[in-house]
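J.: First the structure, then my questions, so here it is.
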């Protein structure tokens with residue numbers, strides 16, 4: 001394969017007349033040549049301390065001014081004398097001119113032997129020097145001035161590539177070569193940054209305040225109040241597999257090192273000692289790159305990170321569209337598509353409880369949701385051109401994080417696009433003391449030339465195989481019934497046993513005891529934090545209830561809300577300071593509860609102990625982990641004022657730590673996370689739990705939108721979805737049992753109803769749908785998803801699942817609003833083999849038909865089929881994909897399900 005030089009493309013980086021062109025570095029200001037010629041970065045740090053920190057005494061002011069003026073004089077004299085200054089100034093003279101009392105010998109430097117002011121070896125500061133040969137001489141650290149370069153005496157190769165050699169001056173095993181005429185022919189592979197201009201470059205990680213006026217990748221604040229931190233390439237290393245992440249930090253995992261390769265780019269701020277590591281993990285079998293950033297403070301003073309993006313991607317000029325998932329409670333993850341215009345399009349999850357953020361000297365108080373939220377999801381797709389489900393270039397971004405996040409899509413004045421995704425900078429500040437490091441959340445980047453659908457399938461496969469806990473990868477969960485919509489808080493031992501008994505008759509396999517079983521809980525006003533059974537409701541305790549349920553042949557599950565505390569609780573009476581709050585202010589109550597401070601280990605340890613006692617007390621196979629309100633008064637008693645900007649992030653890390661401990665301690669339990677429905681449906685949660693409750697809205701029509709949008713980013717197998725009663729408790733809408741069942745099948749499948757209230761016909765239907773789901777579950781959970789009709793663009797929805805060899809498929813189609821007298825477009829299928837003949841069978845036919853004499857819709861107990869009773873079609877994959885299937889819907893929320901099985905090659909079609 002020919003490797004072409006594409007560096008000419010950067011000629012499109014044409015700066016405006018007032019854009020900064022190149023950087024006058026601090027090294028240049030202090031008499032050093034450009035940073036690539038600098039070997040002794042510790043020397044530069046010493047000079048920087050003199051240059052910036054000597055400001056208290058008159059003597060120091062003189063010293064810093066003398067240093068500044070000396071460097072300026074050197075450069076001015078060089079400019080006036082046309083380079084002749086080199087003939088007169090030796091290295092020792094230059095050092096004295098810069099304020100040094102003794103000349104420094106230009107000798108080789110072993111990087112591993114460098115020490116800082118405290119005598120610490122650089123290796124102890126997390127700098128990997130393993131690729132630097134020990135004991136070998138390195139180029140000297142001369143104080144070069146313009147017109148000089150370094151040439152090895154042995155190899156005669158140029159170390160500092162500028163100009164051609166004319167005159168020589170010895171420096172150890174290297175020559176300092178003077179260049180009379182430093183001009184050189186343009187090299188496309190090394191374009192001059194003075195010509196390009198930083199504001200138009202396509203950057204991997206962007207600082208602020210040095211000529212790039214777009215949104216930066218990171219921001220820092222130093223003790224002296226400065227905020228500039230330009231970082232330069234220092235070195236890189238390539239690793240087999242993935243670089244490690246902090247414990248309990250969500251990330252894409254590997255089963256062996258051969259599955260991925262990681263590039264680590266190490267960038268340095270040579271002045272302050274800040275090190276930025278960009279980690280890129282390339283997944284070999286996926287069109288995916290995992291990115292995260294590590295900040296290391298190798299300086300001598302603290303650094304405050306004000307902004308941390310996990311990923312920055314700059315796109316060349318084109319017409320771009322943003323696809324995002326937004327909504328609210330009971331209307332989560334609605335598909336929103338926007339054409340990007342000049343300026344910043346941003347969505348984020350961080351809302352202040354008050355309109356003005358006030359900073360006091362003693363504390364930095366702020367409030368945010370603290371979760372990925374119902375309102376926005378940490379996921380987006382950038383499409384080149386109008387978004388298309390099947391075609392075109394698309395770029396997916398998914399942040400593995402469950403807290404405050406921000407995604408920015410900025411079109412600059414040149415028409416280029418920058419996408420930033422990471423922690424929301426509002427209210428965020430993380431202090432790094434010398435030697436400390438900070439790791440950003442991981443961001444997964446996916447590319448597809450098959451449009452939005454290609455992005456989804458790649459993320460689904462990656463998440464199922466490398467994010468969801470490995471023990472649940474091929475697991476089909478039991479069909480469950482939850483007690484919440486059946487009885488709400490009105491539970492008792494007898495009621496739960498009765499519900500379980502009726503559920504068992506239907507083929508349900510697990511019963512989940514939801515809210516109301518603990519403390520003295522009868523409504524939302526009490527008992528959160530008191531995780532022990534209410535013996536008035538459960539006189540035999542959880543152990544007695546679990547034993548009786550298991551004796552029926554059912555499994556047993558339990559609901560918790562571990563992150564919350566009620567003011568009316570024993571926990572709050574003992575430890576009122578354990579909730580997030582500002583001591584001098586009131587406490588905002590949501591849903592009659594407060595948020596525990598999970599940034600504190602003592603709080604997490606207590607909750608872990610409570611949960612462990614319960615989960616060890618009896619057989620429990622399922623846990624629903626809920627979070628019914630978001631964060632306010634984000635302030636912690638355990639942390640000093642300077643650390644309060646860290647609390648929202650530390651809260652999320654605390655949730656991860658506790659989830660990690662509890663799931664590791666009880667690996668046999670299925671965990672389903674929840675937050676007032678789908679308020680924390682993100683990839684970070686999937687690292688600990690194989691499924692997430694999609695929404696408190698269980699209405700089938702609403703769920704079509706919610707689950708369709710969710711599939712853009714997340715696999716079907718993780719979407720918690722249940723059949724509920726009608727009229728629906730959230731919408732008062734009535735839909736058929738068939739449609740409710742088919743929608744719930746496209747998820748984890750369960751029930752939210754009272755089985756005691758069902759008619760005999762309904763019981764028979766439910767039993768049949770449970771058996772059907774058990775037969776189809778593997779294909780639904782593992783098949784490749786193709787979305788066919790988009791409910792956000794039409795009055796119908798459809799999608800299909802195809803197995804890996806395209807020999808079997810399932811097609812689900814749903815009507816939302818039926819316009820009488822209008823025909824639907826044919827349903828064009830996808831993902832099939834054109835040369836294969838498929839048998840198309842309609843499963844679970846309808847029971848309603850239109851009377852052609854009266855026009856009325858009436859019951860037909862024989863069953864109503866799309867193409868005639870028990871008729872199976874034999875069609876080629878080409879016909880199904882290009883001509884499609886005609887579908888007839890009779891009423892609002894009608895539905896249909898087809899099963900396709902490969903029977904032969906299309907070449908043999910004539911034999912049928």
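The values are calculated or read from the model by the stated rules, or taken from the named source; none is laboratory data. Computed from a predicted structure; not experimentally measured. When we count neighbours, we look across all protein chains shown, and the Cβ atoms used for this are built from the backbone with ideal geometry, even at glycine.
J.: Considering only segment 395-429, how many residues are surrounded by fewer than 19 Cβ atoms within 10 Å (Cβ to Cβ) and either under 24 Å from residue 655 (Cβ atoms) or not assigned by TED's automatic domain parsing to the domain that holds residue 457 (or both)?
T.: Count: 1.
J.: Looking only at segment 380-421, how many residues end up being touching a strand residue (DSSP E or B) at 6+ places or on another chain (Cβ under 9 Å) and outside any strand (DSSP E or B)?
T.: Final tally of qualifying residues: 16.
J.: How many of the residues in segment 446-494 are in a helix (DSSP H, G or I), more than 30 Å from residue 252 (Cα to Cα) and in contact (Cβ under 8 Å) with a residue 12 or more places away in the chain?
T.: Residues that pass the stated criteria total 5.
J.: Kindly check whether there is at least one residue in segment 749-756 that is over 28 Å from the mean Cα position of the chain (by Cα) and without any contact (Cβ under 8 Å) to a residue 40 or more places away in the chain.
T.: No: zero hits.
J.: Across segment 547-591, which residue is modelled with the lowest pLDDT among those that are part of a loop (DSSP other than H, G, I, E, B), out of contact with any helix residue (DSSP H, G or I) (no Cβ under 8 Å at 6 or more places or on another chain) and closer than 30 Å to residue 480 by Cα?
T.: Looking at residues that are part of a loop (DSSP other than H, G, I, E, B), out of contact with any helix residue (DSSP H, G or I) (no Cβ under 8 Å at 6 or more places or on another chain) and closer than 30 Å to residue 480 by Cα, I get 591.
J.: From the list 891, 812, which residue is within 19 Å of residue 740 (Cβ to Cβ) and in contact with a helix residue (DSSP H, G or I) (Cβ under 9 Å, 6 or more places away or on another chain)?
T.: One residue alone meets the criteria, 812.
J.: A follow-up question, please. Return a yes/no flag: does segment 366-373 have any residue that is modelled with pLDDT under 95, in a strand (DSSP E or B) and on the phi > 0 side of the Ramachandran plot.
T.: no
J.: Quick check on segment 495-523: of everything there that is assigned to a loop (DSSP other than H, G, I, E, B) and out of contact with any strand residue (DSSP E or B) (no Cβ under 9 Å at 6 or more places or on another chain), which residue is surrounded by the fewest Cβ atoms within 10 Å (Cβ to Cβ)?
T.: Per the criteria, the residue is 523.
J.: In segment 832-853, what residues are in a loop (DSSP other than H, G, I, E, B) and either touching a residue at least 60 places away in the same chain (Cβ under 8 Å) or buried (at least 20 other Cβ atoms within 10 Å of the Cβ) (or both)?
T.: 832, 833, 834, 835, 844
J.: Let me ask you something else. With the structure loaded, tell me whether residue 875 is outside any loop (DSSP other than H, G, I, E, B) and touching a helix residue (DSSP H, G or I) at 6+ places or on another chain (Cβ under 8 Å) or whether it fails that test.
T.: No, not satisfied.
J.: How about segment 865-879: which of its residues are without any contact (Cβ under 8 Å) to a residue 24 or more places away in the chain and touching a strand residue (DSSP E or B) at 6+ places or on another chain (Cβ under 6 Å)?
T.: Result: 865, single match.
J.: Within segment 690-709, does at least one residue satisfy the condition of being in a loop (DSSP other than H, G, I, E, B) and under 23 Å from residue 601 (Cα atoms)?
T.: no
Yes/no matrix, rows are residues, columns are (1) out of contact with any strand residue (DSSP E or B) (no Cβ under 9 Å at 6 or more places or on another chain); (2) closer than 17 Å to residue 897 by Cβ; (3) modelled with pLDDT under 95:
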site: 798; (1), (2), (3): no, yes, no
site: 810; (1), (2), (3): no, yes, no
site: 821; (1), (2), (3): yes, no, yes
site: 824; (1), (2), (3): no, yes, yes
site: 837; (1), (2), (3): no, no, no
site: 859; (1), (2), (3): no, no, yes
site: 862; (1), (2), (3): no, no, yes
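J.: So residue 631 ticks every box in (1) modelled with pLDDT of 95 or more; (2) in a loop (DSSP other than H, G, I, E, B); (3) in contact with a strand residue (DSSP E or B) (Cβ under 7 Å, 6 or more places away or on another chain) but one. Which box is left unticked?
T.: The number of the failed condition is (1).
J.: Ok, one more. For the condition within 20 Å of residue 450 (Cα to Cα) and in contact (Cβ under 8 Å) with a residue 40 or more places away in the chain, what is the one hit in 828, 772?
T.: That would be 828, the only listed residue that is within 20 Å of residue 450 (Cα to Cα) and in contact (Cβ under 8 Å) with a residue 40 or more places away in the chain.
J.: Additional query: Need a quick list: strands (runs of 3 or more DSSP E) entirely within segment 228-341 having at least 1 residues that are free of Cβ contacts under 8 Å to residues at least 40 places away in the same chain and either surrounded by fewer than 22 Cβ atoms within 10 Å (Cβ to Cβ) or assigned by TED's automatic domain parsing to the domain that holds residue 389 (or both).
T.: By residue number, 232-240, 260-268, 274-283, 331-339.
J.: Follow-up question, since we're still on this one. Go through (1) over 26 Å from residue 832 (Cα atoms); (2) touching a strand residue (DSSP E or B) at 6+ places or on another chain (Cβ under 6 Å); (3) assigned to a helix (DSSP H, G or I) and name the single condition residue 765 misses.
T.: (2)
J.: On to the next question. Those residues that are assigned to a strand (DSSP E or B) and more than 18 Å from residue 716 (Cα to Cα), I need them from segment 786-822; list them, please.
T.: 796, 815
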